[in-house]
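The values are calculated or read from the model by the stated rules, or taken from the named source; none is laboratory data. Predicted, not measured: the structure shown is a model, and the values here were computed from it. Methodologically, a virtual Cβ is constructed for each residue, glycine included, from the backbone with ideal geometry; neighbour enumeration extends over all protein chains shown. Side chains are part of the model used for accessible areas, which takes the heavy atoms of the whole protein and leaves out ligands, DNA and RNA. Shrake-Rupley method; radii C 1.70, N 1.55, O 1.52, S 1.80 Å.
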Amino acid sequence: MSASLVLAQAGGGFFRDRSKVDSCVANNGFCPDWIVHHLDRYVSPFWQHLFLVVVSVGLGFVISFALALAAHRRRRLVGPITQVTGILYTIPSLAFFFLLLPITGRGNTTALIALTAYTLLILFRNIVDGLDGVPEEARDAGRGMGLTDRQLLWRVELPLALPVIIAGLRVAATTTVGLAALATFAGAGGLGDQMASQKEFISNIAVGGGLCVLMAVGLDGLLLVAQRLLTPWTRVRTA
């Protein structure tokens, strides 16, 4: 077989494959070949999406932790803080973004404010529940050792509350991954940009949604590993 015939056959196969891909895209189908050749377009949105999730959950944890410590010392604050964070949590996400747009404009600021607000109820309640769940005998033992209230909090109460606190972080992180896909309406980018830019194209939506699922599973796994490393006594107790 001559070299020219081989090239002609190879070229014909290429054009047939190309035609098949174009037909799949035109018919709004699930196109694996298109996905393989366009994965690079999702790299930057993936990292932007991860940035929105990590920063908003981190900010939410800092705020919730401060509120929970205040409520732990002054129990009358638990109700009002729960009510306010609960109201923020019930605001529809798209409405929240559009309410903020005239104030903070399009971009990361609007998205981060809304996403952080959605984490507050989950994190606040878990931190408070974790601290409330510390056995009273553990506190008595700490006081018997001469620990001050501050030392008791950091050396006894918080370590014992860690499993419940991290459980709240896991829920907040996985929930925020989904909500961050809507940040495209605030002009903050992320994987939602890819899913919304060609909303009629199934392959685009499938890849963006699949990456969101992988991100949620990965973050949940990292937090679970962190919990096991920070609470070695729970492994001993289970064994």
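Would you pick out the residues in the stretch 145-179 that are open to solvent by less than 20 Å² (accessible area, probe 1.4 Å), touching a residue at least 60 places away in the same chain (Cβ under 8 Å) and of a type in the set (A, V, I, L, M)?
Leu153, Ile166, Ala172, Ala173, Val177, listed by residue number.
Being over 17 Å from the mean Cα position of the chain (by Cα) and surrounded by 14 or more Cβ atoms within 10 Å (Cβ to Cβ) is the requirement here; does Arg106 meet it?
Spelling it out, Arg106 is indeed over 17 Å from the mean Cα position of the chain (by Cα) and surrounded by 14 or more Cβ atoms within 10 Å (Cβ to Cβ).
Of the numbered conditions (1) among the hydrophobic types (A, V, I, L, M, F, W, C); (2) at pLDDT 90 or above; (3) not in a helix (DSSP H, G or I), Val177 satisfies every one except a single condition; which is it?
Single failed check for Val177: (3).
For (1) at pLDDT below 90; (2) open to solvent by 30 Å² or more (accessible area, probe 1.4 Å); (3) among the β-branched types (Val, Ile, Thr); (4) more than 27 Å from Gly208 (Cα to Cα), each residue gets a yes or a no:
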residue	(1), (2), (3), (4)
Ser23	yes, yes, no, no
Leu39	yes, yes, no, no
Val53	no, no, yes, no
Val62	no, yes, yes, yes
Thr85	no, no, yes, yes
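Kindly indicate whether Gly142 is more than 21 Å from the chain's Cα centre (by Cα), open to solvent by less than 10 Å² (accessible area, probe 1.4 Å) and not charged (D, E, K, R).
Here the answer is yes, as Gly142 does meet what is asked.
Starting from residues that are closer than 17 Å to Leu182 by Cβ and surrounded by 15 or more Cβ atoms within 10 Å (Cβ to Cβ), keep the ones in the stretch 210-229 and report whichever is farthest from the chain's Cα centre (by Cα).
Leu211
Matching residues to (1) touching a Pro at 6+ places or on another chain (Cβ under 6 Å); (2) of a type in the set (Ser, Thr, Tyr); (3) over 16 Å from Ser56 (Cβ atoms):
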| position | (1), (2), (3) |
| --- | --- |
| Thr82 | no, yes, yes |
| Thr90 | no, yes, yes |
| Asn108 | no, no, no |
| Ile113 | no, no, no |
| Leu120 | no, no, no |
| Gly133 | no, no, yes |
| Glu137 | no, no, yes |
| Leu147 | no, no, yes |
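Tell me which residues, restricted to the stretch 102-160, are among the aromatic types (Phe, Trp, Tyr) and either modelled with pLDDT of 95 or more or in contact with a His (Cβ under 7 Å, 6 or more places away or on another chain) (or both).
So in the stretch 102-160, the residues among the aromatic types (Phe, Trp, Tyr) come out as 118, 124, 154.
Selection gives Tyr118, Phe124.
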